[in-house]
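Reading through the structure tokens given below for one structure.
The values are calculated or read from the model by the stated rules, or taken from the named source; none is laboratory data. Please read these numbers as outputs of a predicted model, since none were measured by experiment. For neighbour counting, all protein chains shown are included, and Cβ atoms are generated from backbone atoms with ideal geometry for every residue, glycine included.
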């Protein structure tokens, strides 16, 4: 099929007016694509993990663009008009947030912190405040309220999903789209878009291993997939 769009991690193919096929690539980028590399099997992991998490969230009332898995590396989704925003929810200080405020990595936050970035690679995806979002017409006030409420709900659900699988959700990024006036969770939810730390060792199990040259990147992605696919242990008593 002819490509509709190719980004840093995915290729979109049109399937008529209402659906797209998303192909997940093994290419990895960091620091606004200044660092590039290849993580063998990453596309398979991100497709499968995203599919599991989209189905899980749908089962708990979160509306998403996800329809079905098509192959190991592909999923079918509803077409949406993506809001030009990245929505970040943080539970611990890490990455750019820790550097910005001079905090040690892993410092717990008193409350979940929701931030917005303008989705614009040329500008380096800068932080943007809610008033600027409204002033620039990037989203309506009601849409922004829905995005915020959904992101907080997704945070609760994902923490509940990962904790019994031995993973601590440190922070994550979401994207949303509009379809027929409705806001839907879109893009992907994977080790590319989350910080996941092993609850016992504190070791990163996500793209930070690539960003920071920690090694074991492919193994970490595969371990996340293994834990996501396994049913969590049920403790008695």
So residue 97 ticks every box in (1) assigned by TED's automatic domain parsing to the domain that holds residue 174; (2) in contact (Cβ under 8 Å) with a residue 40 or more places away in the chain; (3) on the phi < 0 side of the Ramachandran plot; (4) not in a helix (DSSP H, G or I) but one. Which box is left unticked? (4)
Among (1) in a loop (DSSP other than H, G, I, E, B); (2) touching a residue at least 40 places away in the same chain (Cβ under 8 Å); (3) closer than 26 Å to residue 215 by Cα, which single condition is residue 37 missing? (1)
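So which residues in the stretch 40-56 are out of contact with any strand residue (DSSP E or B) (no Cβ under 6 Å at 6 or more places or on another chain) and assigned to a helix (DSSP H, G or I)?
Step one: list which residues in the stretch 40-56 are out of contact with any strand residue (DSSP E or B) (no Cβ under 6 Å at 6 or more places or on another chain), which gives 40-42, 44-45, 48-50, 52-53, 55-56.
Residues satisfying the conditions are 42, 44, 45, 48, 49, 50, 52, 53, 55, 56.
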Name the single residue, out of those in the stretch 22-65 being at pLDDT 95 or above and more than 23 Å from residue 226 (Cα to Cα), that is farthest from the chain's Cα centre (by Cα). 61
Of these, 196, 185, 169, which one is assigned to a strand (DSSP E or B) and free of Cβ contacts under 8 Å to residues at least 40 places away in the same chain? 196
Please work out if residue 110 is surrounded by fewer than 14 Cβ atoms within 10 Å (Cβ to Cβ), in a strand (DSSP E or B), assigned by TED's automatic domain parsing to the domain that holds residue 149 and more than 15 Å from the chain's Cα centre (by Cα). yes
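Return the residues of the stretch 7-28 that are within 20 Å of residue 178 (Cα to Cα) and part of a strand (DSSP E or B); say none if nothing qualifies.
Let us first name the residues in the stretch 7-28 that are within 20 Å of residue 178 (Cα to Cα), namely 7, 10-22.
Within the stretch 7-28, 10, 11, 12, 13, 14, 19, 20, 21, 22 qualify.
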Out of all the residues in the stretch 87-99, is one or more in contact with a strand residue (DSSP E or B) (Cβ under 7 Å, 6 or more places away or on another chain), under 22 Å from residue 180 (Cβ atoms) and surrounded by fewer than 19 Cβ atoms within 10 Å (Cβ to Cβ)? no
Out of all the residues in the stretch 124-161, which are assigned to a helix (DSSP H, G or I) and touching a helix residue (DSSP H, G or I) at 6+ places or on another chain (Cβ under 8 Å)? 130, 133, 134, 141, 144, 154, 157, 158, 161
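Within the stretch 183-215, how many residues turn out to be closer than 22 Å to residue 230 by Cα and either assigned by TED's automatic domain parsing to the domain that holds residue 51 or buried (at least 19 other Cβ atoms within 10 Å of the Cβ) (or both)? Quick ask: steps written out before the conclusion?
Here is the first cut: in the stretch 183-215, the ones closer than 22 Å to residue 230 by Cα are 188-207.
Right, trim to either assigned by TED's automatic domain parsing to the domain that holds residue 51 or buried (at least 19 other Cβ atoms within 10 Å of the Cβ) (or both) and you get 188-197, 204-207.
So the count comes out to 14.
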Taking into account only those residues within the stretch 172-182 that are farther than 13 Å from residue 139 by Cβ and in contact (Cβ under 8 Å) with a residue 60 or more places away in the chain, which is surrounded by the fewest Cβ atoms within 10 Å (Cβ to Cβ)? 182
Which one of the conditions (1) assigned by TED's automatic domain parsing to the domain that holds residue 179; (2) farther than 21 Å from residue 161 by Cα; (3) in contact with a strand residue (DSSP E or B) (Cβ under 6 Å, 6 or more places away or on another chain) does residue 70 fail to meet, given that it meets all the rest? (1)
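For (1) more than 16 Å from the chain's Cα centre (by Cα); (2) within 20 Å of residue 150 (Cβ to Cβ), each residue gets a yes or a no:
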| residue | (1), (2) |
| --- | --- |
| 178 | yes, yes |
| 184 | no, yes |
| 197 | no, no |
| 201 | yes, no |
| 205 | no, no |
| 215 | yes, no |
| 221 | no, no |
I'd like to verify a number: residues in the stretch 40-55 that are surrounded by fewer than 22 Cβ atoms within 10 Å (Cβ to Cβ) and in contact with a helix residue (DSSP H, G or I) (Cβ under 7 Å, 6 or more places away or on another chain), how many? 4
